[in-house]
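Participant: If you scroll down you'll find the structure; I have some questions about it.
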Amino acid sequence: MELLKMVIVDDEPITLQGLVRTYDWESMGFQVAGFADNGERALAVIKQVRPHLVLTDIRMKEMTGLEMMEAVGEELAEEPVFVVISAYRDFEYAKKACEVGAFSYLVKPIDEEQLQEVMRSTYEKCMEKIKSEQERENLKRILMGDQHNYLQVMTQKYLQGSLDDEKMQEVLRILRREIRGTQRFICVCADIDISYKITDPLYYETERTCLFRYLEQVLKKAMSSKAWKRSMGIMYFCSVHRCTEV
């Protein structure tokens, strides 16, 4: 089992030490990478350690668990998973914390069975988050390595109406090619007669490639070097029935 990092926060020193030392966290998939006795110090620890999980008391004097969660969300791009601890009298407070982002909660005094269940589901949640982040980074590396072809495909989908404005803007943000309000673009849709795709697929693909290269050469000569480099790709083939027959 891969051990994930955890930070424990509680403003009662005895309770804090009990949480740090009493439980076999490693058997649950976590190692205590840091702890703090108030919300403000916890912020510094969390920013330094970058834990996967923060186990925090919900009601603290200087900064509540809710306030700390909000502060972490404002300062860190990748937030840890939060599990809050509350006394029975603060149960409604704990539910509110879950509504604003906490994954789960534990009630004092902590029941061993409840702890095991919460930590099991929290570990699964953390692993899902890690996997999702890794997949997103891998996808980003792939996209950045082959921006031109990816942008062609996405623009084709956009022009066909299968990709909405919001998703297209996200694609441009990933590729760092946001369109400013003052920028203007001309879109040219051209293709070989679609009937050839059925009657002569080889001819269709060959002529399509020749058309693209020809238009790329012509348009590149007509544009300045700076405009060419900043353009979205110059020419995108769109698989539409109403196209320019060549």
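The values are calculated or read from the model by the stated rules, or taken from the named source; none is laboratory data. Fair warning: this is a prediction, and the values are worked out from it, not measured in the lab. A quick note on method: Cβ atoms are made from the backbone with ideal geometry, for glycine too, and the neighbour counts reach across all protein chains shown. The protein model used for the area step is the full one, side chains on, heavy atoms only, and it has no ligands, DNA or RNA in it. Shrake-Rupley method; radii C 1.70, N 1.55, O 1.52, S 1.80 Å.
Participant: Which residue pairs have Cβ atoms under 6 Å apart, sit 6 or more places apart or on different chains, and have a first residue in segment 100-121 that is under 20 Å from Glu26 (Cβ atoms) and a second that is part of a loop (DSSP other than H, G, I, E, B) and open to solvent by less than 50 Å² (accessible area, probe 1.4 Å)?
Facilitator: none
Participant: Could you go through segment 56-65 and let me know if any residue there is modelled with pLDDT of 90 or more, under 20 Å from Glu128 (Cβ atoms) and either surrounded by 17 or more Cβ atoms within 10 Å (Cβ to Cβ) or not hydrophobic (A, V, I, L, M, F, W, C) (or both).
Facilitator: Filtering segment 56-65 for residues modelled with pLDDT of 90 or more gives 56-57.
Next, only the ones that are under 20 Å from Glu128 (Cβ atoms) stay: none.
Taking every residue of segment 56-65 in turn, none turns out to be modelled with pLDDT of 90 or more, under 20 Å from Glu128 (Cβ atoms) and either surrounded by 17 or more Cβ atoms within 10 Å (Cβ to Cβ) or not hydrophobic (A, V, I, L, M, F, W, C) (or both).
Participant: Scan (1) charged (D, E, K, R); (2) over 24 Å from the mean Cα position of the chain (by Cα); (3) assigned to a strand (DSSP E or B) for the single condition Arg59 breaks and write down its number.
Facilitator: (3)
Participant: So, Val81, is that one under 27 Å from the mean Cα position of the chain (by Cα), β-branched (Val, Ile, Thr) and surrounded by 20 or more Cβ atoms within 10 Å (Cβ to Cβ) or not?
Facilitator: Against the criterion (under 27 Å from the mean Cα position of the chain (by Cα), β-branched (Val, Ile, Thr) and surrounded by 20 or more Cβ atoms within 10 Å (Cβ to Cβ)), Val81 qualifies.
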